[in-house]
Every structure is written in C-alpha cells, then in structure tokens.
1. Could you please find all residues in region 79-92 being buried (at least 20 other Cβ atoms within 10 Å of the Cβ) and not in a strand (DSSP E or B)?
2. Can you find a residue that is in contact (Cβ under 8 Å) with a residue 40 or more places away in the chain and assigned to a strand (DSSP E or B) anywhere in region 41-60?
3. Exactly one condition in (1) within 20 Å of Val32 (Cβ to Cβ); (2) surrounded by fewer than 16 Cβ atoms within 10 Å (Cβ to Cβ); (3) within 14 Å of the ligand (Cβ to nearest atom); (4) over 11 Å from the mean Cα position of the chain (by Cα) is false for Ala72; which is it?
4. Name every residue in region 126-161 that is within 10 Å of the ligand (Cβ to nearest atom), of a type in the set (A, V, I, L, M) and part of a loop (DSSP other than H, G, I, E, B), in order of residue number.
5. Looking only at region 93-125, count every residue that is surrounded by fewer than 19 Cβ atoms within 10 Å (Cβ to Cβ), in a helix (DSSP H, G or I) and more than 16 Å from the ligand (Cβ to nearest atom) and tell me the total.
6. Taking the stated definitions as given, is Glu172 surrounded by fewer than 17 Cβ atoms within 10 Å (Cβ to Cβ) and away from the ligand (no atom under 15 Å from the Cβ)?
7. Checking the conditions here, which among Pro163, Pro194 is within 30 Å of Val15 (Cβ to Cβ) and surrounded by fewer than 17 Cβ atoms within 10 Å (Cβ to Cβ)?
8. Is at least one residue of region 84-93 touching an Asp or Glu at 6+ places or on another chain (Cβ under 9 Å) and among the charged types (D, E, K, R)?
Amino acid sequence: MRIDIVTIFPAFFDVLDVSLIGRARGRGLLDVRVHDLRDWTSDRHRTVDDTPYGGGAGMVMKPEPWGEALDAVLGDDAVLIVPSPAGELFTQRVARELSAEGALVFACGRYEGIDQRVIDHYAQRGRLRLVSLGDYVLNGGEVAAMAMIEAVGRLVPGVVGNPESLVEESHELGLLEYPVYTKPAVWRGREVPPVLLSGDHGAVDAWRRAQSVERTRRVRPDLLPDEAASA
Ligand code: ADE
C-alpha cells in the first residue's frame, strides 16, 4: 500500500520508522512518503495560513499551497483523507475499508482548519473522506493521521505476522477484548482464572466470550446489539 502524508511538520512522522509499521516499510509492504506542505508555497516566508474571512480567532490554511501539493501527490485512484474533528468517526470498520485501498493520501491541517474550497474541490474530483479520531480536539491532523496509519497499516496482509491475532481483537468482533494472562500463575496473591489452566478449549472459549460480553456491557454498552444488551 502506498501512503502519502502532506504536513507542515514532517518530523511528526519520524516514528513510522520504528516497530511493526517500520518493519513493514522495510519489507516493502507499506510505501510511506512524507511531504512538507511548505514546499508548495511561493512566497519568501513560505506562508501556509491567513486570517479567517468573517473574522474570529485563529488562522485558516490557505488554499493555494494545498492545491499545488495535492495536485502533485494525489493519484487518480488514491483516497484523500482529511483528519478533522468535523469528520465521520474513525472505527475499525473504516480502518478495514481503507486497508483494502492501494493508495491513501493524508492531508494534515493545522490551526482552525483548511479553507473549505480545498475540501469541496477534491471531494468533487475524486474520493475524499473527512475523518475524526474522536470527540475531542487535537492541535492538528498529524497525531490523528498517525493513529489511522497504524490501525490501517496493521490490517494490510503480511504486516502482522499471525493474521489470527487480528481476528480476536477488540472491535473486530463488535465486542471489547477479554482479559489476558501469562505466567506466573500467581502474582502478588492474584491467581489466573482456573479455567485458563484447565486445558479445556471449549470452556476457555466460553469463558472468554462471557468476559467480552460482560466487559462490553459494563464499559461500552453502546456497542452491544439490543438483544445482547437486554439478555
Ligand atoms: N484534528 C483536530 N482534532 C482532530 C480529531 N479529533 N480527529 C481528527 N483530526 C483532528
């Protein structure tokens, strides 16, 4: 998968060199390229923002550098992702959808956002998704893009060594994950649930499922279908 990122802070993405995503880049599974938006400015100060029409606090990102940058970076088949608290919620389902794409371009805005005409222009021209990480405000799209790249990148075939580990996770099954334990069997007087030491795989599966449902009902009842919630 090809991933392009346009940002005024390329250094934010240096950490993509480490861990699982870094290894996937090294193995050619993910081709990630980071671009500095200021390379597409034409004035001496490399200006990317200006005051908002209509007044108000903060600055708005100018359309011209974004137009030049996205014309250069955005291929015909790529999906343009604009991280924004005003976007659709990023979920595991969205991550799955994006992991099936061949190319993604992340346009990371700062300040109060990018001039709306940039969004409208590229929405009309091709595939664009405004995506929010959650109901809170970050200083810019970089951290959101990083989270999305990790969530999407690990779903690309070959990135995670054991694909089975992807299936049982929180949210893939619509439930939160069950608690997990490793050795020793007793730690600070706390024992591992005996069923996990029983060797009875059917009992282990049933216990895990019940734990998932109970945890989801307690912490995230909004995830449960109605009949499970009232069961
Ligand atoms: N930029 C600022 N806040 C954001 C959020 N919650 N999600 C995505 N991008 C953002």
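1. Phe90
2. yes
3. Going through the list (1) within 20 Å of Val32 (Cβ to Cβ); (2) surrounded by fewer than 16 Cβ atoms within 10 Å (Cβ to Cβ); (3) within 14 Å of the ligand (Cβ to nearest atom); (4) over 11 Å from the mean Cα position of the chain (by Cα), Ala72 breaks only (3).
4. Residues of region 126-161 within 10 Å of the ligand (Cβ to nearest atom): 130-145, 147-148.
This time we only want the ones that are of a type in the set (A, V, I, L, M), so: 130-131, 133, 137-138, 143-145, 147-148.
If the condition is that a residue be within 10 Å of the ligand (Cβ to nearest atom), of a type in the set (A, V, I, L, M) and part of a loop (DSSP other than H, G, I, E, B), then Leu133, Val137, Leu138 are the ones that fit.
5. 10
6. Working: surrounded by fewer than 17 Cβ atoms within 10 Å (Cβ to Cβ): yes; away from the ligand (no atom under 15 Å from the Cβ): yes.
Answer is yes for this residue.
7. Numbers: Pro194 fails: within 30 Å of Val15 (Cβ to Cβ).
After ruling out the rest, the residue left standing is Pro163.
8. Step one: of region 84-93, the residues touching an Asp or Glu at 6+ places or on another chain (Cβ under 9 Å) are 85, 89, 92.
Now restrict to residues that are among the charged types (D, E, K, R): none.
The answer is no; no qualifying residue exists.
Values quoted throughout were computed directly from the atomic coordinates according to the rules given, and no laboratory measurement underlies them. Every value quoted in this text rests on a predicted model; they were computed, and no experiment measured them. No Cβ is skipped: glycine too gets one built from the backbone with ideal geometry, and neighbour counts run over all protein chains shown.
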